[in-house]
1. In the list A232, A202, which residue meets the criterion of being part of a helix (DSSP H, G or I) and at pLDDT below 95?
2. Give the range 85-127 a look and list any residue that's of a type in the set (D, E, K, R) and within 21 Å of R27 (Cβ to Cβ), or say none.
3. Here are some conditions: (1) more than 30 Å from L159 (Cα to Cα); (2) of a type in the set (D, E); (3) surrounded by 11 or more Cβ atoms within 10 Å (Cβ to Cβ). D60 meets all but one. Which one does it not meet?
4. Just give me the residues in the range 47-56 being in a helix (DSSP H, G or I) and more than 15 Å from P5 (Cα to Cα), in sequence order.
5. For the range 78-98, check the following and say yes or no: at least one residue is of a type in the set (V, I, T), farther than 20 Å from S199 by Cβ and in contact with a Gly (Cβ under 6 Å, 6 or more places away or on another chain).
6. Listed residues R195, R175; which is at pLDDT below 95 and surrounded by fewer than 23 Cβ atoms within 10 Å (Cβ to Cβ)?
7. Pairs under 7 Å by beta carbon, first residue farther than 9 Å from G188 by Cβ in the range 146-166, partner in a loop (DSSP other than H, G, I, E, B) and of a type in the set (A, V, I, L, M, F, W, C), six or more apart or different chains?
Amino acid sequence: MTRVPDSVLTILASEPAIARVMGASRRRMLTTLHLALPIEALDLIGWFRSEIVSDRFTPDPAIIFSLFRALDRKGKISLAASACGSALDTPNFVKLISRVYETCVLKGLDRNDLALAVSRHASFYWNISTPGFVRLTRQLLFSRSPLERGQGALCVESLAKVPPDLCLRLAELVRDRLFYVRANAWSGANALLYRGRLSAEAYQSLLRDSLTAIKDKDKFVRGNARLFRRRAREKSTRRSTVSPSRQSRPSLSVGLM
């Protein structure tokens, strides 16, 4: 027996008539389905992402934490790093990640997987104000691991309020020795400039460094730095900012996962 096609499962997840039959159990069924998604089920993954970003679905935390308690060390890490674990609402996601850090012995690859999970969560949610998530972002930005620094740079743009020290740290990371950290730092800087959330000190530092970055060897760094300079010119011309909605997050800068 083989699994039914993804198109069938997508209909199962999205059809209103089926949703009515499921009733109150629909969230639990979708959580179970989300946990079981293979990486090649692109249409289903896309459907779940759309539902999460639009606030129409979040995984049932009762299922996630019950499963967490039953798993061994490796399973706990895999659950927290999964697409379903990353899609929990922010307070429960912070709780899940914190439990992994507290109860599991983490190796280098484990920490990388968790950093990717934190970054993935930031891509689902917008205007995050949960203090625990701000702490996770700060932990990544100041990490000795390049991958963690790079993912932290992508998390900053989803914060509702960016502390000045994180703005300055982002401005430092545009000079990182690794190209993908620099590219992600410029991506984060573009988002904060667009939303009017860069501190004045970080803005001036980034403006100076952009002159060097537009000549960087890496095309993503060059492109993001040019975008920063263009937005800076527009900002100085208009002297006003428009607060974008969650759905209108900047899309031209490029961050590297």
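The values are calculated or read from the model by the stated rules, or taken from the named source; none is laboratory data. Keep in mind that this is a model prediction, so the values were computed, not measured. Every residue, glycine among them, receives a Cβ derived from its backbone with ideal geometry; neighbour counts consider all protein chains shown.
1. The conditions single out A232.
2. Matches in the range 85-127: D89, K95, R120.
3. All conditions are met except number (1).
4. Matches in the range 47-56: F48, R49, S50, E51, I52, V53.
5. Yes: one or more hits.
6. Selected residue: R195, the only one of R195, R175 that is at pLDDT below 95 and surrounded by fewer than 23 Cβ atoms within 10 Å (Cβ to Cβ).
7. Filtered contacts from the range 146-166: P146/L178; G150/L256; S158/W126.
Residues are listed down the side, and each one gets a yes or a no for (1) more than 17 Å from the chain's Cα centre (by Cα); (2) at pLDDT below 95:
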site: G46; (1), (2): no, yes
site: S54; (1), (2): no, yes
site: P59; (1), (2): no, no
site: I64; (1), (2): yes, no
site: F68; (1), (2): yes, no
site: I77; (1), (2): yes, no
